[in-house]
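Participant: One structure is given below, represented as structure tokens, and several questions about it will come after.
What follows is calculated from the coordinates using simple rules that are stated; it is not laboratory data. No experiment lies behind these values; they were computed from the predicted model shown. Cβ coordinates were reconstructed from backbone atoms using ideal geometry, including for glycine residues, and neighbour counts include every protein chain displayed.
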Amino acid sequence: MFKLIKSLNKKDFFLVFISVLLIVLQVWLDLKLPDYMSEITRLVQSETTTVSDIIIQGFYMLSCAFGSLISAIIVGYLTSKLSATLSYKIRERLFNKVEDFNMEEIKNFKTSSLITRTTNDITNIQMFISMGLQMLIKAPITAIWAILKILNKNLEWSIITAIAVFILILMVIVLMITVLPKFKAVQKLIDNINNIARENLTGIRVIRAFNAEKFQTEKFKSANSELTNVQLFTQKMMSIISPVMYLVMNMLTISIYFIGAYLIENALMADKINLFSDMVVFSSYAMQVIMSFLMLAIIFIMYPRASVSANRINVVLDTTISIKDGKIDTENNIKGEVEFKGVSFKYPDSEEYVIKDVSFKANKGETIAFIGSTGSGKSTLINLIPRFYDATEGEILIDKVNIKDYKLSTLHKKIGYVSQKAVLFKGSVNYNVGYGDDTCKENVKEAIKVAQASEFVEKMSDKYESVISQGGTNISGGQKQRISIARAIAKNPEIYIFDDSFSALDYKTDYLLRKELSKYTKDSTIFIVAQRIGTIMNADKIIVLDNGNVVGMGKHKELLNSCDVYKEIAYSQLSKEELENA
């Protein structure tokens with residue numbers, strides 16, 4: 001928790017200081033009320049008292065109450081502002097941290113868990129700061145001040161108050177021991193609920209196609225029931241506070257007055273008024289002490305949940321980023337040259353290498369294609385270029401510089417990437433194609449034309465300003481893929497990476513797109529992962545992968561004669577005449 005509070009700046013801590021001063025003032029004003037009440041009690045019993053004397057004391061009491069109210073309002077405003085500011089800064093830090101994660105770190109956290117940490121966990125901390133900060137400062141000050149006020153007033157009353165305080169402390173300890181483990185479980189169960197709900201929404205088509213609605217409903221119902229039962233348990237345990245508090249407060253008041261009545265009855269006439277006055281004052285201060293310990297009890301109940309949330313957030317913030325940013329952010333004269341030198345790769349949680357000793361060089365303007373059976377390592381290999389992962393062994397050079405030495409922003413500026421699964425964001429066609437790069441907006445229309453997307457974009461209601469829904473659910477798979485390709489083209493990078501990006505296109509569109517693309521990107525280096533022989537047969541260099549090994553490298557006709565794996569894939573798709581005449 002304290003690590004997160006460090007997110008506040010000097011101005012925020014100044015507000016904390018002002019809040020503390022106002023809370024001290026509020027406590028002082030609250031504790032002055034019993035003194036004036038005692039004075040009024042004494043004045044009422046005196047024969048020489050006038051009405052104006054009582055009115056003056058009453059005015060002092062009203063002034064203290066009004067001053068306490070104003071202080072409480074200001075403190076409430078300041079603490080709310082502090083809690084909102086802190087949650088804003090934590091949310092910003094958390095989002096920026098996740099943005100810096102690579103694929104390895106993201107795999108360690110479920111998407112649903114990261115969403116919960118960014119929303120529910122931060123809300124728990126905000127609520128604790130907003131409410132808890134006031135009580136955390138006010139409770140001990142009030143308790144100590146009130147105890148000092150009633151110290152040595154009366155032994156019997158003090159013993160009764162001490163017993164009441166002991167009962168409250170015992171209740172808090174029992175609740176903490178019982179409830180704390182459940183609070184830890186609640187956040188994990190919320191993660192699980194979010195995960196199931198997200199899985200259900202993203203996979204709704206498959207669920208309906210296989211009539212699995214009942215199965216998903218039961219799955220959600222089970223997780224929901226588990227979460228509900230745990231929360232019911234915690235709420236039931238916490239609901240004990242209110243009845244126990246009122247029982248203790250009322251029993252303490254009755255005990256003070258009962259003992260006071262006995263003492264007054266047996267006291268001398270001259271001491272009766274003082275004893276009655278002391279009883280009124282002691283009763284008021286005793287209530288303040290009880291209320292202070294009650295506030296502490298509430299804090300002890302709120303803190304465990306906020307603490308669990310803070311720890312979950314700190315786990316994300318303290319995660320070490322495995323892919324470090326380089327220092328080079330300048331361009332050199334070489335553009336688009338890529339070289340793999342003895343590159344091998346295995347995933348962090350695996351012992352088996354996915355890529356083994358791959359070496360090749362791609363010169364500026366060349367098209368390099370990768371083909372192989374499913375799981376041969378094609379996508380993994382090209383994902384090493386933008387540093388989604390770092391090579392386990394060997395090195396990758398771009399423009400004769402190791403990619404690890406580039407700043408990530410500079411490296412990614414050189415690359416136009418089209419993923420295997422088309423990803424679109426909520427916004428217009430222009431927004432999606434020019435995404436993340438204001439400098440390429442002027443290229444948007446041309447990029448859409450090259451990507452063979454003008455055909456359907458021009459027919460949309462608002463054309464280039466037509467809204468694409470989140471995930472592109474209002475357009476077809478082929479249309480999504482073409483807009484994704486247009487996004488990479490609009491960037492006009494040195495290097496293009498197409499990770500099986502043409503598979504959703506029909507043969508005619510595929511042919512036309514590649515034809516226009518070859519004209520537009522003649523000065524750029526292109527990497528293509530494909531399943532279709534027709535997509536890559538005109539590449540300058542085709543690399544054939546099998547179980548992570550390079551088993552063939554060359555042009556189409558060379559590989560037909562020298563590589564059995566390539567020949568097998570080729571003949572499974574096209575006839576002998578088609579292949580030989582390509």
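Participant: Helix 155-202 sits at what angle to the longest principal axis of the chain, using alpha carbons and giving 0 to 90 degrees rounded to 10?
Facilitator: The two axes meet at around 20 degrees.
Participant: List the pair-distance distribution P(r) of segment 61-139, using every Cα-Cα distance, as the percent of pairs falling in each 10 Å bin from 0 up to the bin containing the longest distance, rounded to whole percents.
Facilitator: Here the calculated profile for segment 61-139 is 17, 34, 22, 15, 8, 3, 0.
Participant: 222 nm [θ] for the chain, helices only, -39500 (n - 2.57) per DSSP H run of 4+, per residue, to 500? Let's see the in-between values first.
Facilitator: Values: 23 runs with 369 residues, N = 582.
It lands at -21000 deg cm²/dmol.
Participant: Residue separation times 0.36 nm, minus the C-alpha to C-alpha distance between Lys188 and Tyr571: what's the value?
Facilitator: Values: separation 383, 0.36 × 383 = 137.88 nm, distance 5.18 nm.
Full-extension gain reported as 132.7 nm.
Participant: Where Rh is the Kirkwood radius over the Cα pairs of segment 2-317, the temperature 20 °C and the viscosity 1.002 mPa s, what D in µm²/s does Stokes-Einstein return?
Facilitator: 92
Participant: Length gain on complete extension for the stretch Leu247 to Asp12, per 0.36 nm per residue less the alpha carbon to alpha carbon distance?
Facilitator: 80.6 nm
Participant: With everything on Cα atoms, drop me the angle between helix 213-238 and the longest principal axis of the chain, reported from 0 to 90° to the nearest 10.
Facilitator: Roughly 30 degrees between the two axes.
Participant: Let me ask another. Can you give the FRET efficiency for Leu397 and Asn549, using 1/(1 + (r/R0)^6), R0 = 22 Å, r = Cβ-Cβ distance, to the nearest 0.05?
Facilitator: 0.55
Participant: So how strong a dipole does segment 450-517 carry about its Cα centre when Lys and Arg Cβ are +1 and Asp and Glu Cβ are -1, to the nearest 20 debye?
Facilitator: It works out to roughly 40 debye.
Participant: Sticking with this structure for a sec: Using 1/(1 + (r/R0)^6) with R0 = 35 angstrom and r between the beta carbons of Ala65 and Leu170, what's the FRET efficiency to the nearest 0.05? Kindly include the intermediate steps, with their values, before the conclusion.
Facilitator: Values: r = 33 Å, r/R0 = 0.94.
About 0.60, to the nearest 0.05.
Participant: Roughly what would the spin-label model give for Gln235 and Thr178, points 7 Å off Cα along C-beta, in nm?
Facilitator: 1.7
Participant: How do Thr330, Thr111, Thr410 rank when sorted from fewest to most other Cβ atoms within 10 Å of their own Cβ? Walk me through the intermediate numbers first.
Facilitator: Numbers: Thr330 9, Thr111 15, Thr410 18.
The most exposed by this proxy come first: Thr330, Thr111, Thr410.
Participant: Same structure, new question: Can you give the angle from 0 to 90° between the axis of helix 477-491 and the longest principal axis of the chain, with both taken from C-alpha atoms, to the nearest 10?
Facilitator: In the chain, helix 477-491 runs at an angle near 90 degrees to the longest axis.
Participant: Follow-up question, since we're still on this one. Can you find, among Ile56, Gly427, Leu189, the residue sitting farthest towards the positive end of the charge dipole of the chain, where Lys and Arg contribute +1 and Asp and Glu -1 at Cβ?
Facilitator: With unit charges placed on the Cβ atoms, the residue in question is Gly427.
Participant: Continuing with this model, one more query. Give me the Kirkwood hydrodynamic radius of segment 159-306, using the inverse of the mean 1/r over all pairs of distinct Cα atoms, in Å to one decimal.
Facilitator: Radius from the Kirkwood sum: 19.3 Å.
Participant: Moving on to the next point. Along the Cα→Cβ direction, 7 angstrom out, place labels at Asn224 and Ile56. What is the inter-label distance in nm?
Facilitator: Going by the 7 Å Cα→Cβ label model, 6.7 nm.
Participant: Take the Cα atoms of segment 338-580, find their three principal axes, and give me the spread along each one in whole Å, biggest first.
Facilitator: Projected onto its principal axes, the Cα set of segment 338-580 covers 51, 48, 34 Å.
Participant: Rounded to the nearest whole Å³, what is the per residue volume of the convex hull around the Cα atoms of the chain?
Facilitator: 215
Participant: Then there's this: For segment 2-317, with only Lys/Arg (+1) and Asp/Glu (-1) charged at the beta-carbon, what is the dipole magnitude about the Cα centre, in debye rounded to 20?
Facilitator: Its charge dipole is roughly 1600 debye.
Participant: Order of 70-77, 41-48 by packing, highest average Cβ count within 10 Å first?
Facilitator: Descending packing order for the listed peptides: 70-77, 41-48.
Participant: Same structure, new question: Which far-off residues, 5 or more places away or on another chain, put their amide H under 5 Å from the one on Ala369, with H placed in the peptide plane?
Facilitator: Counting only residues 5 or more places away or on other chains, the set is Ile528, Lys541, Ile542, Ile543.
Participant: With +1 on each Lys and Arg Cβ and -1 on each Asp and Glu Cβ, and nothing else charged, work out how big the dipole of the chain is about its Cα centre, in Debye to the nearest 20. Walk me through the numbers on the way to the answer.
Facilitator: On the way: 67 positive and 60 negative charges, 101 e Å.
Dipole of the chain, to the nearest 20 debye: 480 debye.
Participant: Can you list the residues, at least 5 places off or on another chain, whose amide H is less than 5 Å from the amide H of Asn474, using H built in the peptide plane?
Facilitator: So Asn474 has HN proximity to Ser469.
Participant: What order, most packed first, do the peptides 485-491, 144-150, 448-454, 9-15 have when packing is the mean number of other Cβ atoms within 10 Å of each residue?
Facilitator: In decreasing order of mean packing, 485-491, 144-150, 448-454, 9-15 become 485-491, 448-454, 144-150, 9-15.
Participant: Nearest-5 percent of antiparallel DSSP beta bridges in the chain?
Facilitator: Rounded to the nearest five, the antiparallel share is 50 percent.
Participant: Hey, if you put +1 on the Cβ of every Lys and Arg and -1 on every Asp and Glu Cβ in the chain, which of Ser46, Val174, Gly377 ends up farthest toward the positive end of that dipole?
Facilitator: Among Ser46, Val174, Gly377, the one farthest towards the positive end of the dipole of the chain is Gly377.
Participant: Moving to a separate point now. Going toward the positive end of the dipole of the chain, with +1 on Lys and Arg Cβ and -1 on Asp and Glu Cβ, which of Ile159, Tyr406, Ser350 do you reach last?
Facilitator: Going by the Cα projections, it comes out as Tyr406.
Participant: Using a Förster radius of 41 Å, what is the FRET efficiency between Thr374 and Thr217 based on their Cβ-Cβ separation? Nearest 0.05, please. Walk me through the intermediate numbers first.
Facilitator: Values: r = 34 Å, r/R0 = 0.82.
That pair, Thr374 with Thr217, gives E of 0.75.
Participant: Shape call for segment 306-400 from the C-alpha gyration tensor, a ≥ b ≥ c root eigenvalues: rounded (a/c under 1.5), prolate (a/b greater than b/c) or oblate? Please list the in-between numbers first.
Facilitator: Values: a/c = 2.86, a/b = 1.57, b/c = 1.82.
It comes out oblate by the Cα gyration axes.
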